[in-house]
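One structure is given below, encoded as structure tokens.
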Amino acid sequence: MRPHGTDIELCDFDDLSVEPKDRNALQQYKHSIEVHSLHLTAWRDENYRNSNATGSDATRTRTDWDKKTTPLVEAILGTLKRVSEMPSKWDQPLTRLHEASAARYRDKAAGWPPILIPEHAEYLKGRNV
């Protein structure tokens, strides 16, 4: 999927990039996430899928998100942590984003730090978003 004009990419932050090891770990989830977030509601029903799927879709199963969520989130958080450790003017905001995201993942009641809001708003404003 190509980025849209309003998409924020990691390279927009001082040309930071994800290490190949992390990119490969995350890439394995791409198709499952796209299918999970874009499929029609009717396709969520296993009987409907079994009755109506054809071709390669007939043998495709949906990812069991109860099992896949934890490794996916841990891969995202680990990647964010490693990127935040790269020297750039964004290392502190990315560190705070990692810490806030990890805290929120561990405890759904964890608040979102107000300091993150102005930094991201300023960045978006600069991108005319």
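The values are calculated or read from the model by the stated rules, or taken from the named source; none is laboratory data. Please read these numbers as outputs of a predicted model, since none were measured by experiment. All Cβ positions, glycine included, derive from the backbone under ideal geometry; neighbour counts span all protein chains shown.
Observations on the structure shown:
- Going through (1) within 17 Å of the chain's Cα centre (by Cα); (2) at pLDDT below 75; (3) surrounded by 12 or more Cβ atoms within 10 Å (Cβ to Cβ) one by one, V73 falls short only on (2).
- Segment 100-113 residues that are touching a residue at least 40 places away in the same chain (Cβ under 8 Å) and part of a loop (DSSP other than H, G, I, E, B), paired with ones that are among the small types (G, A, S) and exposed (fewer than 12 other Cβ atoms within 10 Å of the Cβ) (beta carbon under 7 Å, 6 or more apart): none
- When S56, S37, S32, S101 are checked against the criterion of being modelled with pLDDT under 85, among the small types (G, A, S) and surrounded by 15 or more Cβ atoms within 10 Å (Cβ to Cβ), a single residue qualifies: S32.
- Scanning segment 7-29 for residues that are at pLDDT 75 or above, acidic (D, E) and surrounded by 11 or more Cβ atoms within 10 Å (Cβ to Cβ) turns up D12, D14, E19, D22.
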